[in-house]
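J.: Take this structure first; my questions come after.
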Amino acid sequence: MLRLVSLKLGRLYRYVKLAVLGSLAAALVLNTHSLLASLQRNELSERRFLQLNKCPACWGTSWCRKFLNGQLRLESWGRLRLFDFFNVKNVYFARYGEPREGSRRVVLKRLGSAQELADIDTKICRRATGRGRCDLLQALHATEFASLNGDVRLLTPDAVEGWSDLVHCPSQRLLDRLVRRYAETKDSGSFLLRNLKDSERMQLLITLAFNPEPLVLQSFPSDEGWPFAKYLGACGRMVAVNYVGEELWSYFNAPWEKRVDLAWQLMEIAEQLTNNDFEFALYLLDVSFDNFAVGPRDGKVIIVDAENVLVADKRLIRQNKPENWDVWYESKFDDCDKEACLSFSKEILCARVTVDHNYYAICQNLLSRHATWRGTSGGLLHDPPAEIAKDGRLEALLDECANPKKRYGRFQAAKELREYLAQLSSNVR
């Protein structure tokens with residue numbers, strides 16, 4: 001009986017697969033002319049495709065000249081709008097050409113799905129008029145984005161607190177940094193909000209409210225050693241960032257020595273974001289294999305999705321001394337049925353100086369046996385060599401880092417794990 005059911009399900013799967021392939025083939029045949037036209041066109045030089053008409057309800061205009069001059073072209077299948085159905089995140093790969101530098105690969109992001117971008121317009125309209133549809137550019141002037149106008153000297157915590165993860169608990173020091181390093185203005189370097197043009201100020205605030213990833217990349221740039229992709233510029237609702245390499249997931253079955261090196265780098269990232277000379281703790285609230293990439297030449301691990309990053313100012317916490325501010329905080333292990341689960345309290349992350357969240361997130365979702373992704377389990381360090389498995393130290397450290405049994409066990413396990421992975425990595429080089 002079970003065999004009969006499995007045979008029927010197998011046939012049904014094949015029929016469905018053939019039907020989908022047949023539908024795609026039919027669509028390709030029926031739309032051959034438009035497909036050929038789209039392959040020849042450069043949509044990245046079209047204002048409508050870039051949604052430049054939405055500005056200043058957009059991400060910026062610093063790269064518009066490069067876009068509109070045709071210096072960027074979508075790669076191969078990215079030119080076919082037929083495949084947008086599968087590109088839910090609206091991430092594109094393109095070639096960017098400079099006369100003296102030649103061509104290089106970049107990543108283009110709309111910073112949201114088509115529905116999420118449409119929701120931005122709806123939210124702006126509702127805030128301004130109470131209706132879901134309106135003249136967007138007119139409505140902007142009746143929102144809180146316009147209230148922070150040229151008369152306002154500084155961007156202050158009480159004005160933007162809670163707008164997004166980045167400013168869930170902002171300090172004045174953080175906001176000054178965001179304004180001073182804002183890359184979508186010609187006169188960057190000043191922390192005074194009133195020094196921005198009206199359109200630039202509006203773009204900054206809308207980015208901060210709806211998807212602050214560009215601001216994270218600008219404020220904590222790769223040029224200064226932060227583990228994020230390099231921000232290049234924006235035009236309308238399209239942001240360009242440097243192409244890093246293949247996502248971490250593609251290394252899931254890489255040779256053991258490669259995976260050990262990647263694991264060590266991930267733990268170093270967790271340490272850098274938690275403890276640094278700037279006394280900003282950057283907590284990763286979304287950790288999965290898709291959010292990291294690996295450089296093909298240097299093998300360096302980089303964060304390529306920084307939308308959900310909470311920044312806590314340790315100096316402010318020490319100054320204000322909220323309840324239990326100096327008590328070490330241990331994140332709770334989350335043994336849920338979904339992929340990439342994390343359990344955290346934003347309020348606690350904002351109120352403690354010593355927090356193990358980043359170690360917990362990396363160990364649970366990427367390295368340990370508890371990590372699950374795309375139907376796999378065992379994490380990046382699955383199937384270690386026999387001598388390492390027999391020794392048992394690696395498994396014990398990973399388990400304690402993901403799901404500690406002792407009080408403050410994760411802090412110690414993370415420290416020892418970083419040292420042990422460094423030792424293993426140097427031994428296999």
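The values are calculated or read from the model by the stated rules, or taken from the named source; none is laboratory data. Being a predicted model, the structure only gives us computed values, none of them experimental. Because the Cβ atoms are built from the backbone with ideal geometry, glycine has one as well, and the counts that use them run over all protein chains shown. Only protein heavy atoms, including side chains, enter the accessible area calculation; ligands, DNA and RNA are left aside. Shrake-Rupley method; radii C 1.70, N 1.55, O 1.52, S 1.80 Å.
J.: Any residue at all in the range 176-193 that's open to solvent by less than 10 Å² (accessible area, probe 1.4 Å), of a type outside the set (A, V, I, L, M, F, W, C) and without any contact (Cβ under 8 Å) to a residue 60 or more places away in the chain?
T.: yes
J.: Only one of HIS370, HIS382, HIS357 is more than 18 Å from TYR420 (Cα to Cα) and open to solvent by less than 40 Å² (accessible area, probe 1.4 Å). Can you tell me which? If you could, list the steps in order and put the result at the bottom.
T.: Working: HIS370 fails: open to solvent by less than 40 Å² (accessible area, probe 1.4 Å); HIS382 fails: more than 18 Å from TYR420 (Cα to Cα).
On inspection, the qualifying residue turns out to be HIS357.
J.: Hey, another quick one. Within the range 293-312, work out how many residues are in contact (Cβ under 8 Å) with a residue 60 or more places away in the chain and open to solvent by less than 10 Å² (accessible area, probe 1.4 Å).
T.: 8
J.: Within the range 205-226, identify whether any single residue is among the aliphatic types (A, V, I, L, M) and over 18 Å from the mean Cα position of the chain (by Cα), and answer yes or no.
T.: Yes, the range 205-226 contains at least one residue that is among the aliphatic types (A, V, I, L, M) and over 18 Å from the mean Cα position of the chain (by Cα).
J.: Let me ask something additional. Do we find a residue being closer than 30 Å to TRP63 by Cα, open to solvent by 50 Å² or more (accessible area, probe 1.4 Å), in contact with a strand residue (DSSP E or B) (Cβ under 6 Å, 6 or more places away or on another chain) and not polar (S, T, N, Q) anywhere in the range 197-219?
T.: no
J.: I would also like to ask the following. Scan (1) at pLDDT 90 or above; (2) in contact with a strand residue (DSSP E or B) (Cβ under 8 Å, 6 or more places away or on another chain); (3) farther than 30 Å from HIS141 by Cβ for the single condition SER103 breaks and write down its number.
T.: Answer for SER103: the failing condition is (1).
J.: Is the range 110-122 home to any residue that is aliphatic (A, V, I, L, M), more than 29 Å from ARG315 (Cα to Cα) and open to solvent by 60 Å² or more (accessible area, probe 1.4 Å)?
T.: Yes - at least one qualifying residue is present in the range 110-122.
J.: If ASN90 satisfies all but one of (1) exposed (fewer than 14 other Cβ atoms within 10 Å of the Cβ); (2) modelled with pLDDT under 90; (3) of a type outside the set (A, V, I, L, M, F, W, C); (4) under 24 Å from GLU46 (Cα atoms), what's the number of the condition it fails?
T.: Result: ASN90 fails condition (1) only.
J.: So, in the range 385-403, how many residues would count as being open to solvent by less than 30 Å² (accessible area, probe 1.4 Å), in a loop (DSSP other than H, G, I, E, B) and modelled with pLDDT of 95 or more?
T.: 0
J.: Quick check on the range 249-292: of everything there that is among the charged types (D, E, K, R) and under 22 Å from GLU416 (Cα atoms), which residue is most open to solvent (accessible area, probe 1.4 Å)?
T.: ASP277
J.: For the structure I just gave you, tell me whether ALA361 is among the small types (Gly, Ala, Ser), touching a residue at least 12 places away in the same chain (Cβ under 8 Å) and under 17 Å from ASP286 (Cα atoms). Full working, then the answer.
T.: Values: among the small types (Gly, Ala, Ser): yes; touching a residue at least 12 places away in the same chain (Cβ under 8 Å): yes; under 17 Å from ASP286 (Cα atoms): yes.
When the stated conditions are applied, ALA361 passes them.
J.: Listed residues GLU213, GLU224, GLU257, GLU200; which is of a type in the set (D, E, K, R) and within 22 Å of SER113 (Cα to Cα)?
T.: Answer to the selection: GLU213.
J.: Also, quick follow-up: Testing ARG65 on (1) open to solvent by 60 Å² or more (accessible area, probe 1.4 Å); (2) modelled with pLDDT under 95, one condition comes back false. Which one is that?
T.: (2)
J.: Mind counting the residues in the range 327-345 that are touching a helix residue (DSSP H, G or I) at 6+ places or on another chain (Cβ under 8 Å) and either open to solvent by 60 Å² or more (accessible area, probe 1.4 Å) or of a type in the set (A, V, I, L, M, F, W, C) (or both)?
T.: 6
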